[in-house]
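Working notes, structure below.
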Amino acid sequence: MKFSLFYEMQISRPTRQTEAQLFHESVGQIVRADQLGYHAVWAVEHHGLYEYAHLSAPETLLAYVAAKTERIRLGHGISLTPYRYNHPIRVAERVATLDILSGGRVDWGSGKSASRTEQAAFEIDPAELHAQWLEALEMIPRMWRDEVFSHKGRFFDIPPTQVMPRPVQAPHPPIFAACTRPDSTTAIGELGIGALNFAVGNDDFLAQKVGAYKRAVAAANPSAYHKNDHFASAPVSLCLSDDRRACEYGFRGARYFSRALETYYYGGDRPIGPLDIPREFLSERDLRAAMNFRGHDDAMEMIVIGDPARCREMVARFAAAGVDELILMMQMGTVPDEMVMESIVTFGEQVMPHFA
Amino acid sequence: MAALTRVRGSLPTSERERQELATITGALDLMMTGDRPSEWHLQFDRGTLGMYRGMAREARATVFMDEATLYRLLAGELDWTTGYLTGQVRVRGASDFGLVLGGVLGGIADALSTNPTVGRVIAGLLLVTSDDADVDADDAVTNEPRPGARGGRS
């Protein structure tokens, strides 16, 4: 089991000052995670998702992080590949450059965006998102592999072109894609690429998804890129020595994260301005219920929250389901920097060694 | 088909919600637990939503909650996410599909706050656990089990 960190650059009621502060604090957290032996840092690309994700230029963040760290892998994921977000050639160039400068530490994830907020801002027809993503996914690894690249498809007609530079990792960085639903997770497996999966559902549901993915990826035989058999799951997390304190802040953060996500992905038309979501602590009654519900058979595999002993129990459930990598979402909008840092250290020292 | 569709149509939902509802197909079982247990299922069929007594033959997910939890959700005292995190709302099966009910209940809670009449009718549909319930819901819901549905309590 590998352990990584997940960054949206989430922030409650930001000002220019606190937004800038968040970026610098997060880099400090990642540097500490590098020292503690975390596997990777994953950085998203989102646009216009106020308070939910202020990380719109992950390539810039990761280049800065690369210079500040020694060994932690740089999860560039996911980058949006429908061409109005990023032309595939530009993605190939940026990822390769980052791979060179980091000494071959890039894991590359691609996706298509699911929020209407982003699609509308970039004037993208949702009906074409999937086809555009799929075409770019087939093109980009060939740009890294072939001396001279050319392509004729539905969206692109590119004459023979030399795409430079080439990545350090040969034939290319490991490839992933975002997925959550069982059908999309299986489809990612059929493409022969790694799965970046939000942790939703109980043990059985997760185990079924992992099993379906593993069967699909075993049968995959992609021609344009090297197969990547790797299932990563992303739960919200907070690990502190005091179980109750971890739960107070962790469950408040989990609710903030989930409600913000729902607002942009399942809510009404394109919210603008501060989100109408709760930011206060859970009531005593709800907090007690949430603490007691951890470990129940019906509990959702979406949290790793508590003291180290509790976190070890919850991590063991992911391991039993066959998950290869946990991407811990500790940076939640209502969790202060010093607490994220404490959690990174506590988890790194008291949980990770048990799963080495 | 007597269903929630007509009522849903009068809710202050967004175009986005209507588009999303149009993409959802499948059955979701709803098990009301506690002192007055009852079994329901919601049938999503590309833009229409029906609610029926009894469990579906092939539900994609089952949601469990007691009546008090449903009241708290509808009153806005409990949000779906907190219900999920605390185990007051439990989902088995395709959990992502179970989350759809959260959106439906969210729409009802909005209706309760902005259009109490419509809201009370819809809330009544979810709270009918006996035939003498004092809500005028019969014009918007089929109280007989659908053909093929497993029998439920009433």
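The values are calculated or read from the model by the stated rules, or taken from the named source; none is laboratory data. None of these values were measured; they are calculated from a predicted model. As a convention, Cβ positions derive from the backbone with ideal geometry for all residues, glycine included, and neighbour counts pool all protein chains shown. Only protein heavy atoms, including side chains, enter the accessible area calculation; ligands, DNA and RNA are left aside. Shrake-Rupley method; radii C 1.70, N 1.55, O 1.52, S 1.80 Å.
Restricting the stretch A:56-89 to residues that are hydroxyl-bearing (Ser, Thr, Tyr) and under 25 Å from A:ALA254 (Cα atoms), which is least open to solvent (accessible area, probe 1.4 Å)?
Of everything passing the filter in the stretch A:56-89, A:SER79 is least open to solvent (accessible area, probe 1.4 Å).
Scan the stretch A:13-55 for residues that are surrounded by 16 or more Cβ atoms within 10 Å (Cβ to Cβ), more than 18 Å from the chain's Cα centre (by Cα) and not in a helix (DSSP H, G or I) and jot them down.
A:PRO14 - this is the single residue of the stretch A:13-55 that is surrounded by 16 or more Cβ atoms within 10 Å (Cβ to Cβ), more than 18 Å from the chain's Cα centre (by Cα) and not in a helix (DSSP H, G or I).
In the stretch B:86-103, which residue that is open to solvent by 10 Å² or more (accessible area, probe 1.4 Å) and among the aliphatic types (A, V, I, L, M) is farthest from A:ASP276 (Cα to Cα)?
Looking at residues that are open to solvent by 10 Å² or more (accessible area, probe 1.4 Å) and among the aliphatic types (A, V, I, L, M), I get B:ALA94.
Considering A:THR97, A:THR117, which residue is within 25 Å of A:SER150 (Cα to Cα) and either in contact (Cβ under 8 Å) with a residue 60 or more places away in the chain or within 14 Å of chain B (Cβ to nearest Cβ) (or both)?
A:THR97
Would you mind stating whether A:PRO165 is open to solvent by 30 Å² or more (accessible area, probe 1.4 Å) and touching a residue at least 12 places away in the same chain (Cβ under 8 Å)?
For A:PRO165, the condition - open to solvent by 30 Å² or more (accessible area, probe 1.4 Å) and touching a residue at least 12 places away in the same chain (Cβ under 8 Å) - is met.
Take the residues in the stretch A:317-340 that are at pLDDT 95 or above and either of a type in the set (D, E, K, R) or more than 19 Å from the chain's Cα centre (by Cα) (or both); name whichever of them is nearest to A:TYR38 (Cα to Cα).
Here the residue is A:GLU325.
Can you name the number of the only condition in (1) open to solvent by 20 Å² or more (accessible area, probe 1.4 Å); (2) farther than 23 Å from A:LEU196 by Cα that A:MET1 fails?
The number of the failed condition is (2).
Condition check: away from chain B (no Cβ under 12 Å) and among the polar types (S, T, N, Q). Does A:SER184 satisfy that?
Here the answer is no, as A:SER184 does not meet what is asked.
Within the stretch A:102-139, work out how many residues are charged (D, E, K, R), in a helix (DSSP H, G or I) and open to solvent by less than 60 Å² (accessible area, probe 1.4 Å).
Of the residues in that region, 3 qualify.
Hey, can you tell me all the residues within the stretch B:35-82 that are touching a residue at least 40 places away in the same chain (Cβ under 8 Å), within 22 Å of B:ILE24 (Cα to Cα), hydroxyl-bearing (Ser, Thr, Tyr) and surrounded by 19 or more Cβ atoms within 10 Å (Cβ to Cβ)?
B:TYR52
Are any residues in the stretch A:214-256 hydroxyl-bearing (Ser, Thr, Tyr) and under 24 Å from A:MET352 (Cβ atoms), and if so, which ones?
A:SER233, A:SER237, A:SER241, A:TYR249, listed by residue number.
Please enumerate the residues belonging to the stretch A:293-346 that are small (Gly, Ala, Ser), open to solvent by less than 10 Å² (accessible area, probe 1.4 Å) and either in contact with a Lys or Arg (Cβ under 7 Å, 6 or more places away or on another chain) or at positive phi (or both).
Once the filter is applied, which keeps residues that are small (Gly, Ala, Ser), open to solvent by less than 10 Å² (accessible area, probe 1.4 Å) and either in contact with a Lys or Arg (Cβ under 7 Å, 6 or more places away or on another chain) or at positive phi (or both), the stretch A:293-346 yields only A:GLY306.
Answer with yes or no whether A:GLU313 is in contact with a strand residue (DSSP E or B) (Cβ under 9 Å, 6 or more places away or on another chain), within 18 Å of A:ASP243 (Cβ to Cβ) and of a type in the set (D, E, K, R).
yes
Criterion first (farther than 28 Å from A:LEU238 by Cβ, of a type outside the set (Lys, Arg) and in a strand (DSSP E or B)) does A:SER4 satisfy it?
no
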